[in-house]
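Colleague: Let me give you the structure first, and then I'll get to my questions.
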Amino acid sequence: PRWFVAPVLAVSFTAGAAHSSVILSELCDPRDNYTTDRFIEIYNSGPGDVDLTNWSVVAVANNVDVTTWPLSGILAAGQAKVCGGATPVAPFTIHFQNASWTTAPAPGGNYNWNGKIGDGAKLKNASGTIVDIVVATGTLFENSDL
């Protein structure tokens, strides 16, 4: 693989984010800004399955929403799924694809999403409420993952 796995360092949660068993579990900017293989992972830490119908993951770059993945299906307890582009170079499963993530310049793509200040992700439930948010307040996941 072309990415470097780093331990969780720090996250910034927004006050008022609703509690959910589904969380943002990993954000990855592979070594040397390998943009086609960037991804955001969600994980169900709860005791039961969660229906992701009408949920979404939103990539944030420089404090601006740049790409959204509509979610669907069931996320079983203990299961993780990945949001990313449609054509990674290093093969791995992408459950929720958005081609503009790797083909469109920002806003809309990931060209400025590199794990530095203001970069991160939001997880929204079916009501549109943010249930988890991670935003870098410094260099957080550049050339690695969180």
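Colleague: If I ask for residues that are farther than 12 Å from Lys81 by Cα and open to solvent by less than 30 Å² (accessible area, probe 1.4 Å), which ones from segment 52-62 would you list?
Modeller: Trp55, Ser56, Val58, Ala59, Val60, Ala61
Colleague: Of the residues in segment 26-46, how many are open to solvent by 10 Å² or more (accessible area, probe 1.4 Å), out of contact with any Ser or Thr (no Cβ under 8 Å at 6 or more places or on another chain) and not acidic (Asp, Glu)? Give the derivation first.
Modeller: Quick first cut of segment 26-46, residues open to solvent by 10 Å² or more (accessible area, probe 1.4 Å) only: 26, 31-36, 39, 41, 43, 45-46.
In the following step, the residues that additionally are out of contact with any Ser or Thr (no Cβ under 8 Å at 6 or more places or on another chain) were identified as 26, 32-34, 39.
So of that shortlist, the ones also not acidic (Asp, Glu) come out as 33-34, 39.
Number of matching residues: 3.
Colleague: Only one of Asp119, Asp49 is of a type in the set (Asp, Glu), out of contact with any Ser or Thr (no Cβ under 8 Å at 6 or more places or on another chain) and open to solvent by 20 Å² or more (accessible area, probe 1.4 Å). Can you tell me which? Write out each step before concluding.
Modeller: Numbers: Asp119 fails: open to solvent by 20 Å² or more (accessible area, probe 1.4 Å).
Matching residue, one of Asp119, Asp49: Asp49.
Colleague: Follow-up question, since we're still on this one. Under 7 Å between Cβ atoms, at least 6 apart or on separate chains: pull out the pairs that start in segment 56-80 with a residue that is free of Cβ contacts under 8 Å to residues at least 40 places away in the same chain and end on any residue that is open to solvent by 30 Å² or more (accessible area, probe 1.4 Å) and acidic (Asp, Glu).
Modeller: Listed pairs, sorted by first residue: Ile74/Asp49; Ile74/Asp51; Ala76/Asp49.
Colleague: Quick check on segment 75-82. Is at least one of its residues touching a His at 6+ places or on another chain (Cβ under 8 Å) and at pLDDT 95 or above? Steps first, answer last, please.
Modeller: In the first step, residues of segment 75-82 are kept if they are touching a His at 6+ places or on another chain (Cβ under 8 Å); the result is 81-82.
Now restrict to residues that are at pLDDT 95 or above: 81-82.
Taking every residue of segment 75-82 in turn, at least one turns out to be touching a His at 6+ places or on another chain (Cβ under 8 Å) and at pLDDT 95 or above.
The values are calculated or read from the model by the stated rules, or taken from the named source; none is laboratory data. Computed from a prediction, not measured in an experiment: that's the story for all the values here. Glycine gets a Cβ as well: all are built from the backbone with ideal geometry, and neighbour counts include every protein chain shown. SASA here: full protein model, heavy atoms, side chains in, ligands and nucleic acids out. Shrake-Rupley method; radii C 1.70, N 1.55, O 1.52, S 1.80 Å.
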